[in-house]
Amino acid sequence: MISCTEFIPSYSELFSFIERKHGRKAVEDYWTFLFQPDKSPLAACVKKEGIRGCFTYWTGTLNEEAADFTMYLNEKAGWFMIDMHRCPSKGRLLDLKDSIGVDPYPRYCMHCDHYREAVATVGLDYIYNFIGTDQAACRLMVYDKTKFDGRIIADENTEIMDRKASQNEYFHRGFHHSLNRGIQYIADTFGEEEVFEYLEGFAKHVYGKLIEDVRARGFEALEEKIRDTYEKEHASEVLTITKSADRMDVAVSECPAVRFYHEQGAAVSPYLRYTTETVMKTVAEEAGLQFAMDAYDEETGRAAYHFTK
């Protein structure tokens, strides 16, 4: 399983994969698909609450992503603004570039421009300031042109939320939805073989350091990585690992991602299993081990697999 806490590099790698295989226009098409207003949580919020829906939506996502930001809402004057001091997504990609050498998708931040399609459903306008994205900073503004007079003044009618990354835990389960939809989109649009190609490339690029560690320390490094994944998902209780000198068995009683989809009433892509199977198989083979998926239950994500020397 690719944890929701590791979704950002998988997102960036997916954009890079699509552009490399099919061109930049194909990436734009994918973003348009992802941000369809009828499937957008932001669109649902603004349809229900108007411009306040922006404050509601980003209060949830930015705190769950442990962003460093200041957010403003002035309903009377008709404007909403986010001053992103350090974006949790781009910031993590820049950190990963330094730590594992994986370059972020060059136009990564452009996908956020598609939020305008959601706010436009209720007649709101959207400005996205890209200055500073190379340092994981940006600013966006949503405004109601029937009220906004062109002046941004933080007066007594302005609600302000100021957060430091250290004030929140990075745990945004909603990222599971995007991975689920992303791999299904690849299969539907480009064919299922490209699902496997993408996941193999992700494993080799993003887990390159892990592969080196497994080569050096064997099962111990693998166990540490797998346990860390489920700890970050707040789901350590679903995991059982047993080892011998030549074999390591992993049992997962329930996939936390699948559980989340069911809680949200979302369909589970039949390709979700391969975010474990293909990724673990690639890591194992690159590190000189063998891998086998012994059992997988589509309904719950319950799985059993093993590695051998």
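The values are calculated or read from the model by the stated rules, or taken from the named source; none is laboratory data. Only a predicted model underlies this, so the values are computations on that prediction, with no experimental measurement involved. Cβ sites come from the backbone with ideal geometry, for glycine too, and all protein chains shown count toward neighbours.
A quick yes/no check of all residues on (1) surrounded by 17 or more Cβ atoms within 10 Å (Cβ to Cβ); (2) within 21 Å of Ala203 (Cα to Cα); (3) of a type in the set (A, V, I, L, M); (4) modelled with pLDDT under 95:
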residue: Asp246; (1), (2), (3), (4): no, no, no, no
residue: Val250; (1), (2), (3), (4): yes, yes, yes, no
residue: Pro256; (1), (2), (3), (4): yes, yes, no, no
residue: Gln264; (1), (2), (3), (4): no, no, no, yes
residue: Thr275; (1), (2), (3), (4): yes, yes, no, no
residue: Ala284; (1), (2), (3), (4): yes, yes, yes, no
residue: Gln290; (1), (2), (3), (4): no, yes, no, no
residue: Ala304; (1), (2), (3), (4): no, yes, yes, no
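Test of understanding: among Ser178, Ser236, Ser166, which residue is polar (S, T, N, Q), within 23 Å of the chain's Cα centre (by Cα), at pLDDT below 95 and at negative phi?
Answer to the check: Ser178.
Taking each residue of the stretch 241-260 that is touching a residue at least 12 places away in the same chain (Cβ under 8 Å) and looking for partners that are loosely packed, with under 15 Cβ neighbours inside 10 Å and assigned to a loop (DSSP other than H, G, I, E, B) with beta-carbon atoms closer than 6 Å, six or more apart or interchain, yields Asp246/Lys309. Could you list, in sequence order, the residues of the stretch 8-25 that are surrounded by 17 or more Cβ atoms within 10 Å (Cβ to Cβ) and more than 24 Å from Phe55 (Cα to Cα)? If the condition is that a residue be surrounded by 17 or more Cβ atoms within 10 Å (Cβ to Cβ) and more than 24 Å from Phe55 (Cα to Cα), then Pro9, Ser10, Tyr11, Ser12, Glu13, Leu14, Phe15, Ser16, Phe17, Ile18, Glu19 are the ones that fit. Val268 fulfils the conditions (1) β-branched (Val, Ile, Thr); (2) more than 22 Å from the chain's Cα centre (by Cα); (3) under 19 Å from Arg181 (Cβ atoms) except for a single criterion, (2). Of all residues in the stretch 245-284, those satisfying the criterion of being part of a loop (DSSP other than H, G, I, E, B) and among the charged types (D, E, K, R) are Asp246, Glu254, Arg273.
Considering Asp38, Asp68, which residue is surrounded by 15 or more Cβ atoms within 10 Å (Cβ to Cβ) and of a type in the set (Asp, Glu)?
Values: Asp38 fails: surrounded by 15 or more Cβ atoms within 10 Å (Cβ to Cβ).
Going through Asp38, Asp68 in turn, the sole match is Asp68.
Among the residues of the stretch 137-169, those that are surrounded by fewer than 16 Cβ atoms within 10 Å (Cβ to Cβ) and assigned to a strand (DSSP E or B) comprise Glu159, Ile160, Met161, Asp162.
Applying the criterion of being buried (at least 18 other Cβ atoms within 10 Å of the Cβ) and among the hydrophobic types (A, V, I, L, M, F, W, C) to the residues of the stretch 206-220, the residue that is nearest to Arg273 (Cα to Cα) is Val206. Do we have any residue at all in the stretch 59-73 that's of a type in the set (Phe, Trp, Tyr) and over 23 Å from His172 (Cα atoms)? Checked against the condition, which is being of a type in the set (Phe, Trp, Tyr) and over 23 Å from His172 (Cα atoms), the stretch 59-73 yields no hits at all. Note on the stretch 215-229: residues that are in contact (Cβ under 8 Å) with a residue 60 or more places away in the chain and either within 27 Å of Ile183 (Cα to Cα) or not in a helix (DSSP H, G or I) (or both) amount to 3.
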